[in-house]
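The values are calculated or read from the model by the stated rules, or taken from the named source; none is laboratory data. Source: prediction; values computed, not measured. Positions of Cβ are backbone-derived with ideal geometry, glycine not excepted, and every protein chain shown enters the neighbour counts.
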Amino acid sequence: MWEVTDVSSPWVHRWAMMVTLLTFPLIWLGGLVTTHDAGMAVPDWPGTFGYNLFLYPMSAWIYGPFDLFVEHGHRLLASVVGLFAIGLCVVAYRTERRRWLVGTCFLFLASIIAQGVLGGVRVLFDARTLAMIHGCSGPLVFALGGFIAMATSKRWHLGFCKAGVKGLGRLAVLLLLLSVSQLFVGAHLRHSLPTWLPSFFMSLVHTHLLLAAIILFVVLGVTILVRLPSNREFREFRSPSNALLAIASVQILLGFATWIANYATPWVELTPWLARYTVQGKGFWESMIVTGHQATGSLMIVCSLWLVCRAYRQSSIAEPRKQTTIESKNSVPKDYQAEAVNIGVE
Amino acid sequence: MFLNKNSCLYSRLRNLFPCWFLGFAFLSGCAPQDITFRANELHAASLSQDSAEHPISESAQSAQELVIELFGTPDSPKWPEGIAVAVDMEKVGRAAGPVGRNVSKIERGLYRKHCVQCHGTSGDGMGPASALLAPYPRDFRRGSFKFKSTPIGKKPTHSDLVRTLEKGLPGTSMPAFGTLNRSKEFAGDLDALAHYVRFLAIRGEVERRLILAIVNGEDTNSLPLQLASKVADSWTLADSHSVSAPTLVATKTLEDRLASMESGKTVFLSELTACSKCHGKAGDGQGTSQDFDDWTKDWTIRAGIDPTKKVEWKTMKKYGALKPVIDSSRNLTLGAFKGGATREDIYLRIVLGIEGSPMPAIARKENDNPGITEDGIRDLVEYVYSLSSVKPDVLSDAKGVGAN
């Protein structure tokens, strides 16, 4: 049997999922802004060329220059995410019983507003350094949204078994820290300043590569750990572990592709194709690859957090596996009860 | 409220403000910096020894100040008064400065958007990413450009620069920005960038000459303007030196072309052209003679430094020197020709050479002087073209005749 610890309205989870899912394309668009160096395509803020953000003519936006299209789109989508975050806060305030989670929802809203203000200040001061910080904090806000979605999910309410995979929690935290560090280094590379010395940039690239290798190593460690015969019964770690392995693999490939899309391959004479390959400045696919690499990095953080939550959530449950019972059945919605019993039977 | 000015929390947050700032500065790598042109200390170091009496940084800085007076700053470039204008300053203004659009939606900062990452603010080829690239990005300040339609020693034409920007250089990190031309909005960008590259090249060459004058102890009162005028004129005259390749469309029969290739092979292997010494007998770039390019020789061999000895060249690192790398001969069998892969492009590379690289212009037969005839050059072009593993036309039927 699995313990049902606490239950709240499923609407909080639905809103949290919606906001988080909207935040991901926002990160993509933000990445496109950096790829196309479009941060200053609209020189004013919070308006757009003197118009209210929402009243800027649609035709001028859609049929205007691509950098303007991307930057204004980024602002519009950010506003939509902000509005949905307000909705999340309202729903959480009215229905969620865990006050800390309500506080987290408000923190999420505050972080979205702060992120918007940071983006605006970056425009007003034309400060590339602020753009870099904006790029670093964006995925962290995304991760916070992901955390709220996790904390309001059925899985969280059902809790997990006590005896878990030994060492997985620490490995998951290490992975999370490494992923965030990698994000910071990557954001530096994406927002490099013309005043930087080549040696500094080179050391950043080497750090990025080293971190990538360590992250891959840790992800492989996690994968092996959760698949060990002794840990076969802990199936709840399979999904985050599989997702991490898939994302890390894609991310490594995207990393190589990003370098080639930006600077061509270092081994030009390996094959005639590589020798003849010409980097396409601001090409569509090149932009997608580079932006995809950045966006996948933020997915890596969220998945690491997912694993951390599962690993530590399990150890926070007081009752041991197969000895817990569903308590306060009256307070549990029927669908939760059914799932809890089903999992328990397994 | 709990954050009123007398509260304990408020004062703690206020006291922590410097820590926040430092934290952000740490996260961002460094605090915002002004974008300035970098003084050419490497050239000053290659011309003189550093000493307490004549420190290198001082001569480079003096030249830098004179050049800023003439040409302005990266955010506000200007053309020296009193000399003929060799660039379109309106376009230079659009390419210079920070990236973004003004209230009229006109884009500026094109150079920082597309080029500065590799070529650096001063066009010194020492942008942040430069050390990781092979070959290194071009240093515009010598005024030398490799792929052009003018002979060695002459400046490239405006169209040569636009062509490189548009097509890029295959097998290198130089992108093709041709996609910009497809959009009406960005159609004039390459033209503006080419003007800015000319501007940086002129500015950089004037700076180099001023450093030489300062190191030699010459009077620099009226010199900057004279030098600027001289350098600008050399760019203005570029069009008059432009050479165009004859049309080399494959109109001959297959038999004729096979014969031409055989004849070209003889020219390729001959002592007179010595192509195989660098490109190898098979044209695979495995020749015995390999050398550094002029940008490297500038601060190594010409300054008495052996580029193959790390102990020696490392002394120049503090002035911005990157590790010397051999300018390898092209592997002609890969079909990757940086200056263009048509017969006409190959013809120009053979006839004009590649400035700054070990690739010389071919010796033409004139009067009684030994050299290669026009027909011989065309045969050589046919042979080099046939070496490529990519044979876009009928040559694919004639495989086996090429390299072996």
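Tabulated values for the structure
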read-out	value
Residue list for the range B:280-322, restricted to those being under 17 Å from the mean Cα position of the chain (by Cα) and assigned to a loop (DSSP other than H, G, I, E, B)	B:Phe292, B:Asp293, B:Gly320, B:Ala321, B:Leu322
In the range B:299-343, residue farthest from B:Tyr136 (Cα to Cα) [restricted to those that are crowded, with 21+ Cβ neighbours inside 10 Å and among the aromatic types (Phe, Trp, Tyr)]	B:Phe337
Residues (surrounded by fewer than 23 Cβ atoms within 10 Å (Cβ to Cβ) and either in contact with a Phe, Trp or Tyr (Cβ under 7 Å, 6 or more places away or on another chain) or more than 14 Å from chain A (Cβ to nearest Cβ) (or both)) located in the range B:133-142	B:Leu133, B:Arg142
Subset of the range A:101-130 [of a type in the set (D, E, K, R) and in a helix (DSSP H, G or I)]	A:Arg122, A:Arg128
Matching option when the condition is in contact with a Leu (Cβ under 7 Å, 6 or more places away or on another chain) and at the interface with chain B (Cβ under 10 Å from one of its Cβ atoms), among A:Met132, A:Met202	A:Met202
Residue count, the range B:55-101 (criterion: closer than 24 Å to B:Ser222 by Cβ and in a helix (DSSP H, G or I))	15
Complete set of residues in the range A:240-271 that are over 25 Å from the mean Cα position of the chain (by Cα) and buried (at least 18 other Cβ atoms within 10 Å of the Cβ)	A:Tyr263, A:Ala264, A:Thr265, A:Val268
Odd one out for B:Cys118 among (1) under 30 Å from B:Gly171 (Cβ atoms); (2) in contact (Cβ under 8 Å) with a residue 24 or more places away in the chain; (3) assigned to a loop (DSSP other than H, G, I, E, B); (4) not acidic (Asp, Glu)	(3)
Residue that is nearest to the other protein chains (Cβ to nearest Cβ), among those in the range B:143-161 that are in contact with a Gly (Cβ under 7 Å, 6 or more places away or on another chain) and farther than 17 Å from B:Thr296 by Cα	B:Phe147
Leading residue by the ranking (modelled with the lowest pLDDT) among those in the range B:247-298 that are touching a strand residue (DSSP E or B) at 6+ places or on another chain (Cβ under 8 Å) and crowded, with 17+ Cβ neighbours inside 10 Å	B:Thr273
Number of positions in the range B:174-229 that are charged (D, E, K, R), surrounded by fewer than 17 Cβ atoms within 10 Å (Cβ to Cβ) and touching a Lys or Arg at 6+ places or on another chain (Cβ under 8 Å)	0
Lone unmet requirement of (1) buried (at least 19 other Cβ atoms within 10 Å of the Cβ); (2) in a helix (DSSP H, G or I); (3) within 10 Å of another protein chain (Cβ to nearest Cβ) for A:Val302	(3)
Residue tally, condition under 23 Å from B:Pro128 (Cα atoms), in contact with a Phe, Trp or Tyr (Cβ under 7 Å, 6 or more places away or on another chain) and of a type in the set (A, V, I, L, M, F, W, C), over the range B:173-194	2
Qualifying positions in the range A:225-269 - closer than 30 Å to B:Arg330 by Cα, without any contact (Cβ under 8 Å) to a residue 12 or more places away in the chain and not in a helix (DSSP H, G or I)	A:Pro266, A:Trp267, A:Val268, A:Glu269
Members of the range B:85-104 that are free of Cβ contacts under 8 Å to residues at least 60 places away in the same chain and within 12 Å of chain A (Cβ to nearest Cβ)	B:Gly97, B:Val99, B:Gly100, B:Arg101, B:Asn102, B:Val103, B:Ser104
Candidates A:Val218, A:Val180, A:Val222, filtered to the one that is assigned to a helix (DSSP H, G or I), aliphatic (A, V, I, L, M), within 14 Å of another protein chain (Cβ to nearest Cβ) and more than 24 Å from A:His13 (Cα to Cα)	A:Val180
Those residues of the range B:103-122 which are surrounded by 24 or more Cβ atoms within 10 Å (Cβ to Cβ) and out of contact with any Pro (no Cβ under 9 Å at 6 or more places or on another chain), in sequence order	B:Leu110
Of all residues making up the range B:323-336, the number that are within 9 Å of another protein chain (Cβ to nearest Cβ) and assigned to a helix (DSSP H, G or I)	2
Pair list, Cβ under 8 Å, 6 or more apart: the range B:319-345 residue on the phi > 0 side of the Ramachandran plot, other residue among the small types (Gly, Ala, Ser) and in a loop (DSSP other than H, G, I, E, B)	B:Gly335/B:Ala341; B:Gly335/B:Ser388; B:Gly335/B:Ser389
Residue that is nearest to A:Trp11 (Cα to Cα), among those in the range A:55-100 that are modelled with pLDDT of 95 or more and not in a helix (DSSP H, G or I)	A:Tyr56
Among (1) of a type in the set (Gly, Ala, Ser); (2) surrounded by 20 or more Cβ atoms within 10 Å (Cβ to Cβ); (3) in contact (Cβ under 8 Å) with a residue 24 or more places away in the chain; (4) more than 30 Å from A:Tyr51 (Cβ to Cβ), the one test that B:Gly82 misses	(2)
Residue that is modelled with the lowest pLDDT, among those in the range B:375-394 that are outside any helix (DSSP H, G or I) and within 14 Å of another protein chain (Cβ to nearest Cβ)	B:Pro392
Count - residues of the range A:270-299 that are within 14 Å of chain B (Cβ to nearest Cβ), in a helix (DSSP H, G or I) and in contact with a Phe, Trp or Tyr (Cβ under 6 Å, 6 or more places away or on another chain)	0
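Listed here are the residues, each with its yes/no results for (1) crowded, with 19+ Cβ neighbours inside 10 Å; (2) at pLDDT 95 or above.
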| position | (1), (2) |
| --- | --- |
| A:Ser153 | no, no |
| A:Leu158 | yes, no |
| A:Gly164 | yes, no |
| A:Leu168 | yes, no |
| A:Leu177 | no, yes |
| A:Gln182 | yes, yes |
| A:Ser192 | yes, no |
| A:Thr195 | no, no |
| A:Ser203 | no, yes |
